[in-house]
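Everything below concerns the one structure shown next.
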Amino acid sequence: DFEEDIDTVLDTTLDPEDIIIPDQYGTVIETHRGTNGKLIIHIQDAHCNYEGQMNEAYILEVLMEDYDLNLVLSESKLTDRDFKYIRPWLTADKRKEVADNLVKDGYITGVDYVDLSTDYPFVNQGIEDKELYDSNRDALWELDKYKVVAGEYIDEMIIAANTVKPSIYTDDLLELDSKKKAYDTEEIDLLEYYEYLYKTAENNEIPLYTFPNFQNLIKASELEKKIDLTKVRDGSATDEEMDLYSEYLEATRDLNINELFKEEPLLEDVVQDTLAVNYDQRKLLRVSKALSIVRNLLKIKIVPEEYRHFMDNEKDFDPMFWSAFLKEKSSELNFSLDIPNNYQIINDTLPKVKNFYKLAADREKVFLSRTQKQMTDRGVDFAALIAGGFHTPTLTDLLADAGYSYIVVSPKVTTETDEELYRWALKMDWIPELKGGEI
């Protein structure tokens with residue numbers, strides 16, 4: 001019957017929990033056990049970041065060496081054209097040298113590095129629709145025409161909003177605002193900011209059972225402080241210490257990083273709403289959040305939860321709403337705020353933002369359909385799918401709905417991405433053909 005069929009599939013499927021990604025190369029963000037017998041390793045592409053691309057390459061090499069991966073499905077690529085024709089021309093060392101330089105210069109990706117520098121027999125298959133990809137890229141160029149002026153307008157409005165905050169916010173709201181800025185600028189790390197949010201929520205009697213991943217993170221963090229991992233490893237830990245270690249492992253197993261990131265803005269909103277005690281504070285919170293989101297939209301650095309807020313709260317993204325409120329507060333507080341009048345630039349830009357992200361969402365549906373076709377046509381049950389992290393939430397929902405097991409892996413990145421290099425790379429259709437004798 002159906003249940004027996006499902007059990008048979010699960011018994012024969014490569015278990016996502018069995019895939020080990022070395023910590024020095026990346027982090028497993030999420031795992032999901034599906035029902036169709038097929039497993040996708042979704043690697044979040046760190047576009048034009050040399051460190052991220054090289055770690056992506058090393059992750060792929062591990063998957064090829066240890067788990068016989070032989071199909072890679074790539075964003076920003078149309079066909080299965082590759083660099084294997086160069087392999088006979090050059091020594092392994094020379095190929096590594098050439099590939100390394102091409103990754104540094106933004107000509108090729110981590111997948112291409114593996115293709116050019118190793119002898120693994122894998123297929124690097126593009127999963128884009130050319131017309132849709134070109135439309136999305138053109139939408140980015142159109143957005144770029146406006147982003148500088150629009151960005152300057154947003155920066156001036158943020159300065160104005162920050163100026164009135166000390167006169168409008170409570171001390172608790174000011175502390176939250178300060179912590180959020182420190183987190184966004186990486187002055188404090190994720191754990192410190194999340195612990196602050198959690199403690200503030202507890203102190204204000206906010207129910208935390210609706211944020212299970214925050215609960216698991218804080219529990220794991222507190223338990224880790226009580227555990228001597230050296231004793232656990234060498235077998236000298238007491239029974240009590242081993243019980244704590246078991247609790248710690250259970251908390252980390254139950255922690256879904258992807259869902260944790262989704263909980264972050266939701267908990268922030270609840271904490272802010274709880275700390276705000278009057279209309280002006282709530283209104284300034286709305287204005288400040290909208291300004292922050294638009295700034296990220298213009299930089300193409302938005303996270304899906306922010307984009308969802310943008311789409312669901314259209315009235316908060318009216319620049320006349322921001323301007324009227326800040327001018328009113330400036331007058332009441334006897335400030336001489338410099339409120340720019342060229343708000344029309346935002347009205348002109350936001351439709352282009354929506355178009356860009358709509359096309360990105362349309363591409364995600366194509367990723368799924370072409371992934372299904374490639375795996376079926378090639379008769380494989382295991383593949384890697386390379387796409388930017390923005391696509392992850394929608395893409396994983398699509399994969400889960402289609403019955404796939406998946407693992408989301410984030411390559412280790414500690415360095416800033418060169419945005420100009422990224423945009424330059426987007427303009428390239430394909431690296432000029434390399435010939436062994438010319439390298």
> So is Tyr307 modelled with pLDDT under 95 and hydroxyl-bearing (Ser, Thr, Tyr) or not?
Replying inline: yes
> How many of the residues making up region 316-357 are touching a residue at least 24 places away in the same chain (Cβ under 8 Å), of a type in the set (S, T, N, Q) and outside any helix (DSSP H, G or I)?
Replying inline: 1
>> What are the pairs with Cβ atoms under 6 angstrom where one residue, in region 236-258, is not assigned by TED's automatic domain parsing to the domain that holds Glu17 and the other, located anywhere, is of a type in the set (Lys, Arg)? Sequence gap at least six, or different chains.
In response: Ala237/Lys231; Leu244/Lys226; Ala251/Lys219
>> I need the full set of residues from region 88-143 which are farther than 29 Å from Lys354 by Cα, of a type in the set (A, V, I, L, M, F, W, C) and touching a Phe, Trp or Tyr at 6+ places or on another chain (Cβ under 7 Å), in order please.
In response: Ala99, Val103, Val114, Leu116
> Quick one: how many residues across region 49-96 are buried (at least 17 other Cβ atoms within 10 Å of the Cβ), at negative phi, at pLDDT below 95 and of a type in the set (S, T, N, Q)?
Replying inline: 1
>> For region 358-411, give me each residue that is assigned to a strand (DSSP E or B) and either surrounded by fewer than 16 Cβ atoms within 10 Å (Cβ to Cβ) or outside the structural domain of Pro16 (by TED's automatic domain parsing) (or both).
In response: Gly388
> Within region 83-129, restricting attention to residues that are of a type in the set (Val, Ile, Thr) and not in a helix (DSSP H, G or I), which residue is nearest to Glu416 (Cα to Cα)?
Replying inline: Thr109
>> If I filter region 191-218 down to residues being buried (at least 17 other Cβ atoms within 10 Å of the Cβ) and of a type in the set (Val, Ile, Thr), which single residue comes out as farthest from Ala276 (Cα to Cα)?
In response: Ile218
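Pull up region 225-239, narrow it to residues that are over 28 Å from Glu192 (Cβ atoms) and either within 34 Å of the chain's Cα centre (by Cα) or of a type in the set (Asp, Glu) (or both), then point me to the one that is surrounded by the fewest Cβ atoms within 10 Å (Cβ to Cβ).
Of all residues in region 225-239, those over 28 Å from Glu192 (Cβ atoms) come to 234-236, 238-239.
If we keep only those that are either within 34 Å of the chain's Cα centre (by Cα) or of a type in the set (Asp, Glu) (or both) too, we end up with 234, 239.
Details: Asp234: 9, Asp239: 7.
Looking at residues that are over 28 Å from Glu192 (Cβ atoms) and either within 34 Å of the chain's Cα centre (by Cα) or of a type in the set (Asp, Glu) (or both), I get Asp239.
Which residue, of Lys147, Lys77, is assigned to a loop (DSSP other than H, G, I, E, B) and either under 26 Å from Asp45 (Cα atoms) or in contact with a helix residue (DSSP H, G or I) (Cβ under 6 Å, 6 or more places away or on another chain) (or both)?
Details: Lys147 fails: assigned to a loop (DSSP other than H, G, I, E, B).
So the residue among Lys147, Lys77 that is assigned to a loop (DSSP other than H, G, I, E, B) and either under 26 Å from Asp45 (Cα atoms) or in contact with a helix residue (DSSP H, G or I) (Cβ under 6 Å, 6 or more places away or on another chain) (or both) is Lys77.
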> Considering only region 121-154, how many residues are within 22 Å of Gln344 (Cα to Cα), aromatic (Phe, Trp, Tyr) and modelled with pLDDT of 95 or more?
Replying inline: 1
>> Considering only residues that are within 22 Å of the chain's Cα centre (by Cα) and of a type in the set (Phe, Trp, Tyr), which ones fall in region 105-140?
In response: Tyr133
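Sort out which residues of region 180-190 are under 12 Å from Glu264 (Cβ atoms) and exposed (fewer than 13 other Cβ atoms within 10 Å of the Cβ), and write them in order of number. Can you show your working first?
Pass one, region 180-190, residues under 12 Å from Glu264 (Cβ atoms): 180, 183-184, 190.
The one that is under 12 Å from Glu264 (Cβ atoms) and exposed (fewer than 13 other Cβ atoms within 10 Å of the Cβ): Asp184.
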>> As an exercise: evaluate Tyr279 against (1) surrounded by 13 or more Cβ atoms within 10 Å (Cβ to Cβ); (2) under 30 Å from Lys165 (Cβ atoms) and give the number of the one condition it does not meet.
In response: (1)
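Results for (1) aromatic (Phe, Trp, Tyr); (2) within 23 Å of Lys180 (Cα to Cα); (3) in contact with a Lys or Arg (Cβ under 9 Å, 6 or more places away or on another chain), shown as yes or no for each residue.
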position	(1), (2), (3)
Leu208	no, yes, no
Phe211	yes, yes, no
Phe214	yes, yes, no
Lys219	no, yes, no
Leu223	no, no, no
Arg233	no, no, no
Thr238	no, no, yes
Leu244	no, no, yes
Arg253	no, no, no
>> Every residue in region 255-277 that is part of a helix (DSSP H, G or I) and not hydrophobic (A, V, I, L, M, F, W, C), please.
In response: Asn258, Glu259, Lys262, Glu263, Glu264, Pro265, Glu268, Asp269, Gln272, Asp273, Thr274
> Among the candidates Ala383, Ala387, Ala324, Ala402, which residue alone is in contact with a Leu (Cβ under 6 Å, 6 or more places away or on another chain) and at pLDDT 95 or above?
Replying inline: Ala383
> Is it the case that region 240-252 has a residue that's surrounded by 15 or more Cβ atoms within 10 Å (Cβ to Cβ) and within 21 Å of Ala201 (Cα to Cα)?
Replying inline: yes
>> For the condition outside any helix (DSSP H, G or I) and either closer than 20 Å to Lys289 by Cβ or free of Cβ contacts under 8 Å to residues at least 24 places away in the same chain (or both), what is the one hit in Glu205, Glu156, Glu222, Glu175?
In response: Glu205
> Which one is surrounded by the fewest Cβ atoms within 10 Å (Cβ to Cβ), of the residues in region 257-274 that are among the polar types (S, T, N, Q) and modelled with pLDDT of 85 or more?
Replying inline: Thr274
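The values are calculated or read from the model by the stated rules, or taken from the named source; none is laboratory data. Keep in mind that what you see is a predicted model, and the values were worked out from it rather than measured. Here the Cβ is made from the backbone with ideal geometry for all residues, glycine too, and neighbour counts use every protein chain on show.
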